[in-house]
Amino acid sequence: MNWQRFISVPVFSVLIVVSVVYYITVTVFIRDRVGFQTSTGFWNALIFTLLLCLCLFSFFVSVLTDPGHVPASYVPDVEDSLGSDQELKKPAAEVRQCDKCSTYKPPRAHHCKVCRRCVLRMDHHCLWINNCVGFWNYKAFFMLLFYATTGSIYSTVIIISSAFQKDWDFSGRAQLKLFYVCSGVVMVALSLTLGTLLGWHIYLITCNMTTIEYYEGIRAAWLARKSGQSYQHPFNLSVYKNITLILGPNRLKWFCPTAVSHLKDGIGFPTSRYSS
């Protein structure tokens, strides 16, 4: 774990935004609309606080967890990659070498220019967590998106419902109206942004694909069509298997960002041709 990753303007910005959203939602809208003494206010505040804690926990795990580095002793299995039938060889076993690191790269590993090293099953380098999203912290990053989106939608519903229930039949409250409108617009925009990103990664998980592999797949499909062939992502097994490879086989642990005991070494991955 590297606590120095928190010394970053984007990371501080995330923490500030989360704090402001929590303060406005709980202190301004929930307390002023129904109060903490009522059961409605108490449960709304408790649920939103729980979502915030889970979001922050996932955020901390995403920032502090090393995404995975290539072992110095890694050597590809050349026998697997050089089969008798070159067209039917395992796509995951192709010999790949990093020109910058001057070492072999396992399947799905890529070199990060920011981190200056190869990262196992690299998805992308995220500015907001000041870290790469890779093999060991991808689940935490996904749960961060899930809890952040859920919390943003929850806050949006509370703000909009408060606006509709408030009595606006009197003058002299122009500033309050502006505050309600601005809060609602900001939260709707935040919910749409996070929801779109969450939807994108749900799609990637169901296809067992990373962001880098998605764009590589577009080019591979284009090249395959030019030669009269078809392209299929080699790591796409089935929707449920793909989900369990990321979230784990135990459904009770799907929503825990640190439940990654199902992950192996990040070097070998099952392919559709060899899956049972």
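Summing Cβ point charges (Lys, Arg +1; Asp, Glu -1) relative to the Cα centre of the stretch 111-255 gives a dipole of roughly 460 debye.
Give me the accessible area per residue for the stretch 139-276, probe 1.4 Å, as a whole number in Å².
Numbers: 8050 Å² over 138 residues.
On a per-residue basis, the stretch 139-276 sits at 58 Å².
Pop out the carbon and sulfur fraction of the accessible area of the chain as a percent, whole number, probe 1.4 Å. Answer for the chain: carbon and sulfur cover 63 percent of the accessible area.
Give the relative contact order (percent, whole number) for the chain; include only Cα pairs under 8 Å separated by 6+ residues. Numbers along the way, then the final one.
Values: 345 pairs, mean separation 52.5, N = 276.
It rounds to 19 percent for the chain.
Comparing Cα centroids, the stretch 192-214 and the stretch 16-34 end up 30 angstrom apart. Would you indicate which of [x] 82, 42, 33; [y] 64, 37, 34; [z] 54, 44, 43 is the value of Cα extents along the principal axes in Å derived from the coordinates of this structure? Matching the structure shown: [x]. Legend: residues Ile160, Ile205, Ile16, sorted from most to least accessible area (1.4 Å probe; ligands, DNA and RNA excluded), read Ile16, Ile160, Ile205. Of all lysines in the structure, the ones whose alpha carbon falls short of 18 Å from that of Lys177, not counting any fewer than 8 places away in one chain, are Lys166.
Rounded to the nearest 10 degrees, the angle from helix 9-22 to the longest Cα principal axis of the chain is 40 degrees. If you take the alpha carbon atoms of the stretch 129-244 and fit the smallest convex hull around them, that volume is 154 Å³ per residue. Principal-axis analysis of the Cα atoms of the chain puts helix 174-206 at an angle of about 20° to the longest axis.
The values are calculated or read from the model by the stated rules, or taken from the named source; none is laboratory data. Small disclaimer: the values here were computed from a predicted structure and weren't measured. Neighbour counts are summed over all protein chains in view; Cβ atoms, including those assigned to glycine, are modelled from backbone coordinates with ideal geometry. SASA here: full protein model, heavy atoms, side chains in, ligands and nucleic acids out. Shrake-Rupley method; radii C 1.70, N 1.55, O 1.52, S 1.80 Å.
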